[in-house]
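Trainee: Quick one: the structure is below, questions incoming.
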Ligand SMILES: Cc1cc2nc3c(=O)[nH]c(=O)nc-3n(C[C@H](O)[C@H](O)[C@H](O)COP(=O)(O)OP(=O)(O)OC[C@H]3O[C@@H](n4cnc5c(N)ncnc54)[C@H](O)[C@@H]3O)c2cc1C
Ligand code: SF4
């Protein structure tokens, strides 16, 4: 079943056709790095953020014939410039070069894209529709009864057709995924191939540092260029300071060039984008609440009810080669424990520099293990944590996230790590690294796995990472319990819409990008239709 890994993985980078992020309409990209004087321009709608929520909203509004501007804090890193090394990728495409954390009982890295396309450029392209039980829960507890599967279905269908959602091709699966597929039944689970945005994945295992062949369909090679082709314009390396709200109505966005702030030196240029019809905020769960706060929105709910799916990985060394440099970064999962145990086990390939931070040992022992990278498999689990945290303004315009996993969340994480560790041994691993402080950091036999049952429940003993983020600008029909109503409009200001996962009243237990895009498309379509019918009346 397993094709052999290509001897020259670099060859995967060579494109056969021009990438969609080249040859953009003239004048459609205004690069903040090159601006030398203040700008003041007028549009119908201004969209803050070019990630999953923003790109789709901009495309929908531009397709309806509106004049649209997107303002994006990060640079446009083109497919041709995606490099091999993790450090360069993190510095150019990740917020705070990947060092952002959420604080609480422990510090958990909070990974977000900060570039055109947002986190979709550095994610694994896994596409999950909003689960029916979440839709029912939102209707019951938050009165969101017009967000139904019937309403969302046409949007999911359109997104899936446009972004070519399909399961990974078996010939590029790679051994890390295959092993999980072959052995998940040992933990009593049914493995499934993930559905992904995939136009020709070559199995380079490099989704987390940008797809070198533009197969992944992140927003920088799909909805952003498609919006520009419909007449939208994007202001890159421009950070939205605030939404300009006058007489209770959003009338534009005030931004400044962010590159200069980053490198220091000369005074940033101010970019004023006027919005005759409205502003859409899609700067992500962490940045959106603070943009609203900086814009003068005050609400007891703003910044509260932040949720996440903290993830934790387990590594194992095998006699057979795993060769993580070949294979889809993430392609196999099991959904069997989502409802019963609130976690989702899955595969994840790690580039050597990323894997290195979790390789146990020091000195010679560490070097020897690193030398066996070709035999390393990594699987992980995303926990649908019940815990809620807060997002608040931090020092100097930064964002401060506080979050501590509760006891039930920790029990779920611990159980999942035990299951994956056992499954690694049953799959043939000669040693497994559960990654929990307080139990042996290297386990050499399956008999040792039972030690994990008594492992500490202190989050400081685990190496969590959070990439799926929700809440902090909650949507509900109850105005006192939310920031945004079921029409995605803020209660506090007219013509101000929020279309990212900050409005999600709860987390999902599955990967969020697809739901964010479908909800954003639904919201923008409804706003565009209302605006068009107002013109016709
Ligand atoms: C490593 C990783 C792997 C993941 N894997 C998957 C996966 O396989 N499947 C899945 O469904 N989800 C995955 N996710 C999560 C998914 O990518 C996000 O949930 C989704 O992209 C969030 O969409 P968004 O529009 O809210 O934010 P983002 O996509 O993060 O976009 C927000 C954009 O807003 C910009 N911005 C922020 N503040 C400002 C400002 N003040 N002014 C201007 N611009 C601003 C940011 O720079 C960013 O580009 C992953 C995430 C990461 C980090
Ligand atoms: S594994 Fe990811 S980065 Fe590599 S070709 Fe496939 S989609 Fe692109």
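FYI, it's all coordinate maths here, none of it is from the lab. The model shown is predicted, which means the values in this text are computed figures rather than measured ones. Cβ: placed from backbone, ideal geometry, glycine included. Neighbour counts: every protein chain shown.
Trainee: Eigenvalues of the Cα gyration tensor times 5, then square-rooted: what semi-axes does that give for the stretch 9-136, in whole angstrom, largest first?
Mentor: 26, 23, 19
Trainee: Defining a contact as two alpha carbons under 8 Å apart and six or more residues distant in sequence, what relative contact order in percent does the stretch 280-347 show?
Mentor: 18 percent
Trainee: How large is the convex hull of the C-alpha atoms of the stretch 400-537 per residue, in Å³?
Mentor: 135 Å³
Trainee: Return one quarter of the surface area of the convex hull spanned by the alpha-carbon atoms of the stretch 96-197, equal to its mean projected area, in nm².
Mentor: Projected over every direction and averaged, the Cα hull of the stretch 96-197 covers 10.6 nm².
Trainee: Moving on to the next point. Tell me the relative contact order for the chain as a rounded percent, counting alpha carbon contacts under 8 Å between residues six or more apart.
Mentor: So the answer I get is 22 percent.
Trainee: I'm a student and want to see the number: the projected area of the Cα convex hull of the stretch 37-97, averaged over all directions, in nm².
Mentor: 5.8 nm²
Trainee: How much of the DSSP bridge set in the chain is antiparallel, in percent, rounded to the nearest 5?
Mentor: Of those bridges, close to 65 percent are antiparallel.
Trainee: Another question, if that's okay. Rounded to a whole number, what is D in µm²/s for the stretch 331-461 from Stokes-Einstein with the Kirkwood radius over alpha-carbon pairs (20 °C, 1.002 mPa s)?
Mentor: 130 µm²/s
Trainee: Counting just the Cα atoms, what span does the chain cover along each of its three principal axes? Round to the nearest Å and put the largest first.
Mentor: Cα extents, longest axis first: 71, 50, 47 Å.
Trainee: In addition: From the C-alpha coordinates alone, can you work out the Kirkwood hydrodynamic radius of the stretch 442-503, in Å?
Mentor: Every distinct Cα pair counted, the radius reaches 15.3 Å.
Trainee: When only Cα pairs under 8 Å and 6 or more residues apart are kept, what is the percent relative contact order across the stretch 404-482?
Mentor: 28 percent
Trainee: Under the 0.36 nm per residue contour assumption, what length would be gained going from the current alpha-carbon distance of residue 41 and residue 446 to full extension?
Mentor: Length gained between residue 41 and residue 446: 139.3 nm.
Trainee: I'd like the distance separating the alpha-carbon centroids of the stretch 169-219 and the stretch 445-478, in whole Å.
Mentor: 23 Å
Trainee: Which stretch or stretches of the stretch 267-311 have amide N atoms under 19 Å from the point lying 7 Å from residue 246's Cα along the Cα→Cβ direction?
Mentor: Hits in the stretch 267-311 for residue 246 at 19 Å: 270-280, 295-297.
Trainee: From the helices alone, meaning DSSP H stretches of at least four residues, give me the mean residue ellipticity at 222 nm for the chain, per-run term -39500 (n - 2.57), in deg cm²/dmol to the nearest 500.
Mentor: Counting only the DSSP helices, I get -7500 deg cm²/dmol.
Trainee: Going by alpha carbons, how many degrees (0 to 90, nearest 10) lie between the helix axis of 513-536 and the longest principal axis of the chain?
Mentor: It works out to around 10 degrees.
Trainee: Sorted from largest down, give the three principal axis spans of the alpha carbons of the stretch 178-266, whole angstrom values.
Mentor: That works out to 61, 33, 33 Å along the principal axes.
Trainee: Taking Cα atoms, how many degrees apart are the long axis of helix 52-63 and the longest axis of the chain, rounded to 10 and kept between 0 and 90?
Mentor: Helix 52-63 sits roughly 40 degrees off the main axis of the chain.
Trainee: What number, in nm² with one decimal, is the all-direction average of the projected area of the convex hull of the alpha-carbon atoms of the stretch 29-69?
Mentor: 3.3 nm²
Trainee: For the chain, take the longest principal axis of its alpha carbons; what is the angle in degrees between that and the long axis of helix 407-426, to the nearest 10 within 0 to 90?
Mentor: 50 degrees
Trainee: For all pairs of alpha-carbon atoms in the stretch 270-372, what percent lies in each bin of width 5 Å, listed from the first bin to the last filled one?
Mentor: Values per bin, smallest distances first: 2, 8, 12, 14, 10, 11, 11, 10, 10, 7, 4, 2, 0.
Trainee: Tell me the label-point distance for the pair residue 99, residue 87, using the 7 Å Cα-to-Cβ offset, in nm and rounded to one decimal.
Mentor: Roughly 1.3 nm, to one decimal.
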